[in-house]
Amino acid sequence: MSTSIASQLVWLIPALPFTGFAVNGLLSLLPAWRGGGGPDVPAGRRTLVSLVGVGVMLAALGLTAALLPAVADTPGIVSSSLGEWMAAGSLHVNWELRVDRLSLLMMFVITGVGSLIHIYSIGYMADDAGFARYFAYLNLFVGFMLILVMGASLPVLFIGWEGVGLASYLLIGFWFGDLANVVAGKKAFVVNRIGDFGLLVAMFLLFTNIGSLDFSVITEQHAVLSTSLATAICLFMFLGCAGKSAQLPLYVWLPDAMAGPTPVSALIHAATMVTAGIYLIVRNAALFSAAPVACLVIVLVGALTALWAATVGLKQWDIKKVLAYSTVSQLGYMFVAVGAGAYTAGMFHLVTHAFFKALLFLGAGAVIHAMHHALHATHRHDDPQDLRNMGGLMQRMPATGTLMWIATLAIAGIPPLAGFFSKDAILAAVAERAIESPLAESSLGPVPGAVVLWFAYGVALVTAFLTAVYMTRLMRYAFHGTFRSGEDVAAAVHDSPWLLRGPLVVLGALTLVGGWLQLPDVLPLGRTGLLDAWLAPVSGSSSVLLAGTGRLSHQTEYLLIGIAIAVAVAGIGVAMTVLKPAGLVRKSESPADTGIGLVLANDYYVDTAIERGVVGPTVAAARRIFWRGLDIGVINGALVQGSAQVFRLVSGVASRMQAGFAGSYMWAIAIGAVALLGAFTLRGGQ
């Protein structure tokens, strides 16, 4: 496809999922279509919803693929302006979409992995009463994410940024009959608004000092900013990233986001929303590379988040919650990379993580699906998501178990799977920059930058070890040992149908070969540095600026690879040796956690602290000041009720004067006349 034709068609890519949202949304509103997913509803209705929901995604993926030749050519930018959006003084913002190599990479992840999740959803949600509504929300989510990555300026990106927040609120609280789901959706919405404040301040500062919010102008003119101002803008922008991509301390919404249907968790955790923060930093790589202090802050926060979430993941029993904390931890890895200026390594881990995390979540969905139906068939009400109620599933679900083991070994960092290469790229980049780079020569307060980077490297290794432990723990307790919910339930557990298993197979294949996108020079396994070359026009110069001129010797790289593999193998070995599925009992028979286990199971009591320290006092103050004081006291009491009382008193007096006696009226007229004469007399006397 030529660049001119691509420019005319590029707007269709986000328009397609929005069309799916509109069609399925309208269908879900029609009375005849409400409850259009149950088994009693004609299959034709479900088929139409599925065709629309999945069809628009496959069409968007096809158009994205069609853009590849135009973007691969020089200069590799396809843009399309849909007219002016706002004009206020010197601020002019167009509805402009722009696709370059970074955007296209994200679009492949969003539409590719998103299509597989849509296909999987046909089977997973087939019996749900809100089938059409579900697909409408899913299409809406993808449409806004495409706007986010295709926007040519920060305001257009912000539309997508807020849109995915809205869609996540709708999808997390999809089963809104359950209060916990509603609270989880609300929590995600509110926490993200805190981060959005930072992004808005960054936008105001950029416009005030550069005069434009267009990405290309920011990249070209960021040099006019002083270092301190660039640092402030980057830190405010990172606050927005921390909210959207679940970093300390704004990560608390993501573990609860599993309240929605499992494919939604896969979409949020793997292909869309949580990756927005990583994308934003890489998109503004030139700006961040001019603010080394902000970069060191990002490295430090990312490393601490990775370790924090990994420790909590060790004691979670809900299969989806283990994966949720794993996502928080892996996002920390990505921020370590982009903070260190290793933008390709960060994007590489984003892509591989999309493959194996989507596989893990959809595999977990298959397990939950099978457990739920087996428990339902035997009239049991145990938790289908609790690892303690599982065990021995490998015999009953061999395909799902095998594919999830592939993803587990990938996230643990075992070669030659995708996660090994992307994690190694991050560790190597951080070590390289810690030895010699402008970041190492900078400082974070009194702490030298080299110390921060070596600390992050050490934390990343510890996190890799813990990741291998908790992911092996998940697989051991779910798929090995004896089934703990009884033989009657076990007999009803079966592997998923092909509608669910097919997307898992594709994701498994991508997990196997995804690492070949960016083979390191030191391993002669094929063409090296493909992703590095692809992203070079977007972030190459910024990455070189922070990397300096130092390079690791091949001996050092071999040593680092050996250490990374040894850590992953040690984690798996420890989990296989220490954890004994045979000693585990069902959830209803399990003793309560104590000591450090209790602390980790409750996420260091962060939610409790926030509830008691922030939410509780805020709600109490709001009730006292705004509800009882302002609403009930001033508005309702003084203004509404008070004015009513005044008019009631006046009308009461007036009604008593309407007695119907002519004599009374004459007396009133006479008294009034005397009063008026008196008033005029007194006024004349003055």
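The values are calculated or read from the model by the stated rules, or taken from the named source; none is laboratory data. For clarity, every value in this text was computed on a predicted model and none was experimentally measured. Cβ: placed from backbone, ideal geometry, glycine included. Neighbour counts: every protein chain shown. Accessible surface is based on the protein model in full, side chains and every heavy atom, while ligands, DNA and RNA are left aside. Shrake-Rupley method; radii C 1.70, N 1.55, O 1.52, S 1.80 Å.
Could you list all residues from segment 367-389 that are under 25 Å from the mean Cα position of the chain (by Cα) and closer than 18 Å to THR482 by Cα?
Those that are under 25 Å from the mean Cα position of the chain (by Cα) and closer than 18 Å to THR482 by Cα: VAL367, ILE368, PRO384, GLN385, ASP386, LEU387.
Between VAL522, VAL489, the distinction of being outside any helix (DSSP H, G or I), buried (at least 17 other Cβ atoms within 10 Å of the Cβ) and either of a type in the set (Gly, Ala, Ser) or on the phi < 0 side of the Ramachandran plot (or both) belongs to VAL522 only.
Of all residues in segment 1-22, which are among the polar types (S, T, N, Q) and over 18 Å from LEU68 (Cα atoms)?
Listed by number, the list holds a single entry, THR19.
Does any residue of segment 580-603 turn out to be of a type in the set (Asp, Glu), in contact with a helix residue (DSSP H, G or I) (Cβ under 6 Å, 6 or more places away or on another chain) and either in a helix (DSSP H, G or I) or open to solvent by less than 60 Å² (accessible area, probe 1.4 Å) (or both)? Among the residues of segment 580-603, at least one is of a type in the set (Asp, Glu), in contact with a helix residue (DSSP H, G or I) (Cβ under 6 Å, 6 or more places away or on another chain) and either in a helix (DSSP H, G or I) or open to solvent by less than 60 Å² (accessible area, probe 1.4 Å) (or both), which makes the answer yes.
The conditions of being open to solvent by 10 Å² or more (accessible area, probe 1.4 Å), assigned to a helix (DSSP H, G or I), under 24 Å from THR528 (Cβ atoms) and touching a helix residue (DSSP H, G or I) at 6+ places or on another chain (Cβ under 8 Å) are met by ALA428.
In this structure, is ALA431 among the small types (Gly, Ala, Ser) and under 14 Å from ALA568 (Cβ atoms)? Spelling it out, it is not the case that ALA431 is among the small types (Gly, Ala, Ser) and under 14 Å from ALA568 (Cβ atoms). Only one of (1) farther than 30 Å from ALA374 by Cβ; (2) outside any helix (DSSP H, G or I); (3) of a type in the set (Asp, Glu) fails for GLU557. Which number is that? For GLU557, the exception is condition (2). Among the residues of segment 116-127, none qualifies, meaning not one is under 14 Å from the mean Cα position of the chain (by Cα), touching a residue at least 40 places away in the same chain (Cβ under 8 Å) and buried (at least 24 other Cβ atoms within 10 Å of the Cβ).
Yes/no per residue for (1) of a type in the set (Gly, Ala, Ser); (2) on the phi > 0 side of the Ramachandran plot; (3) open to solvent by less than 10 Å² (accessible area, probe 1.4 Å):
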{"residue": "THR467", "(1), (2), (3)": "no, no, yes"}
{"residue": "ALA478", "(1), (2), (3)": "yes, no, yes"}
{"residue": "HIS494", "(1), (2), (3)": "no, no, no"}
{"residue": "LEU507", "(1), (2), (3)": "no, no, yes"}
{"residue": "LEU512", "(1), (2), (3)": "no, no, no"}
{"residue": "ARG527", "(1), (2), (3)": "no, no, no"}
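Determine, yes or no, whether LEU304 is farther than 24 Å from LEU362 by Cβ and either open to solvent by 10 Å² or more (accessible area, probe 1.4 Å) or β-branched (Val, Ile, Thr) (or both).
The answer is yes for LEU304.
Sort out which residues of segment 1-26 are within 28 Å of the chain's Cα centre (by Cα) and either open to solvent by less than 30 Å² (accessible area, probe 1.4 Å) or of a type in the set (Asp, Glu) (or both), and write them in order of number. Those that are within 28 Å of the chain's Cα centre (by Cα) and either open to solvent by less than 30 Å² (accessible area, probe 1.4 Å) or of a type in the set (Asp, Glu) (or both): VAL10, ILE13, PRO14, ALA15, PRO17, GLY20, ASN24, GLY25. Applying the criterion of being under 17 Å from CYS241 (Cβ atoms) and free of Cβ contacts under 8 Å to residues at least 60 places away in the same chain to the residues of segment 205-217, the residue that is least open to solvent (accessible area, probe 1.4 Å) is LEU206.
The combined condition, being open to solvent by less than 10 Å² (accessible area, probe 1.4 Å), assigned to a helix (DSSP H, G or I), under 22 Å from PHE483 (Cβ atoms) and modelled with pLDDT of 95 or more, is fulfilled by GLY363.
Of the numbered criteria (1) under 19 Å from ALA354 (Cβ atoms); (2) open to solvent by less than 10 Å² (accessible area, probe 1.4 Å); (3) touching a Leu at 6+ places or on another chain (Cβ under 8 Å), the one MET237 fails is (1). For segment 448-495, filtering for residues that are over 30 Å from HIS372 (Cβ atoms) and touching a Phe, Trp or Tyr at 6+ places or on another chain (Cβ under 7 Å) leaves 1. Suppose we filter segment 366-379 for residues that are outside any helix (DSSP H, G or I) and either among the β-branched types (Val, Ile, Thr) or touching a Lys or Arg at 6+ places or on another chain (Cβ under 7 Å) (or both); how many remain? Adding up the residues that qualify gives 1.
Taking each residue of segment 165-182 that is over 15 Å from ALA136 (Cβ atoms) and looking for partners that are assigned to a loop (DSSP other than H, G, I, E, B) and open to solvent by 70 Å² or more (accessible area, probe 1.4 Å) with beta-carbon atoms closer than 6 Å, six or more apart or interchain, yields ASN181/TRP175; VAL182/PHE176. Name every residue in segment 239-259 that is part of a helix (DSSP H, G or I) and of a type in the set (Phe, Trp, Tyr), in order of residue number. Correct list: TRP253 only.
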